[in-house]
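Notes for the one structure printed next.
The values are calculated or read from the model by the stated rules, or taken from the named source; none is laboratory data. For clarity, every value in this text was computed on a predicted model and none was experimentally measured. Cβ atoms come from the backbone with ideal geometry, glycine included; neighbour counts cover every protein chain shown.
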């Protein structure tokens, strides 16, 4: 465990926060590189990007607020920064909040070009970096397991956490599972992204795959069950994944991905057999 990455005099660099910031910066760098490569980087898209970042930050907090109401009740008694730091945050909420903020910002600015696919590579790269910070600094790593790759932690590290069920046993390295999935996603996006013809569907395809994967991984994440045998993230994922499934069902029905028929040969080609 490495909760503190470094201490530079009075400045303490928290591992999780450092990797989160680096992940965000890397994602934005990839996003802007894609925009510049396509020649569509302008003032309005910068404003949309700012809205996405703000929406992501708000979504990360708001989507988990119902699980941490006790902390929010301390507002006024405890420092605001302390409440924010301890009241939970969610990657799922960050993606959902950023996506919604981007849509609303585009409508406000009357920006009609689809730019979602430019995030398709940026998001998994950012998650890979961010999850490294989670793996180095957060407990529990996952639920107990007897699989050979289960990871044990020092009891003193577990004692630093108020809640650390199963930390006295080998645990699933759930963060490494997510890192592995996103590495594969990066490879798949780089190799096959040109095969998705509809603007915006590359990002949606990644989000659908990532949502399904995260739903499964939640069973070994070690988060508390909230209702119906599901954790908070799983409950949030159900409607989000359902909306994405409905989108692709609709796309299939209208034939959005169907290749157009080959053009009919000209009369001259019919006569000459295609020979000029």
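The rows are residues; the columns are (1) surrounded by fewer than 18 Cβ atoms within 10 Å (Cβ to Cβ); (2) modelled with pLDDT of 90 or more; (3) under 21 Å from residue 15 (Cα atoms).
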position	(1), (2), (3)
134	no, no, yes
156	yes, no, yes
162	yes, no, yes
170	no, yes, no
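Among (1) at pLDDT 90 or above; (2) within 19 Å of residue 128 (Cβ to Cβ); (3) buried (at least 17 other Cβ atoms within 10 Å of the Cβ), there is one condition residue 201 misses while meeting the rest; what is its number?
Unmet for residue 201, out of (1) at pLDDT 90 or above; (2) within 19 Å of residue 128 (Cβ to Cβ); (3) buried (at least 17 other Cβ atoms within 10 Å of the Cβ): (2).
Looking at region 1-84, what helices (runs of 4 or more DSSP H) fall wholly within it and have at least 3 residues that are modelled with pLDDT of 85 or more and under 23 Å from the mean Cα position of the chain (by Cα)?
Details: elements: 15-38, 43-62, 69-72.
By residue number, 15-38, 43-62.
May I ask you to verify whether residue 189 is over 26 Å from residue 18 (Cα atoms), surrounded by 17 or more Cβ atoms within 10 Å (Cβ to Cβ) and modelled with pLDDT under 90? If you could, list the steps in order and put the result at the bottom.
Values: over 26 Å from residue 18 (Cα atoms): yes; surrounded by 17 or more Cβ atoms within 10 Å (Cβ to Cβ): yes; modelled with pLDDT under 90: no.
So residue 189 fails the test.
Among the numbered conditions (1) assigned to a helix (DSSP H, G or I); (2) modelled with pLDDT under 90; (3) under 19 Å from residue 234 (Cα atoms), tell me where residue 117 comes up short.
Checking residue 117 against (1) assigned to a helix (DSSP H, G or I); (2) modelled with pLDDT under 90; (3) under 19 Å from residue 234 (Cα atoms), the one that fails is (3).
Please state which one of 269, 224, 218 is in contact with a strand residue (DSSP E or B) (Cβ under 7 Å, 6 or more places away or on another chain) and either farther than 19 Å from residue 60 by Cα or at pLDDT 90 or above (or both).
Going through 269, 224, 218 in turn, the sole match is 218.
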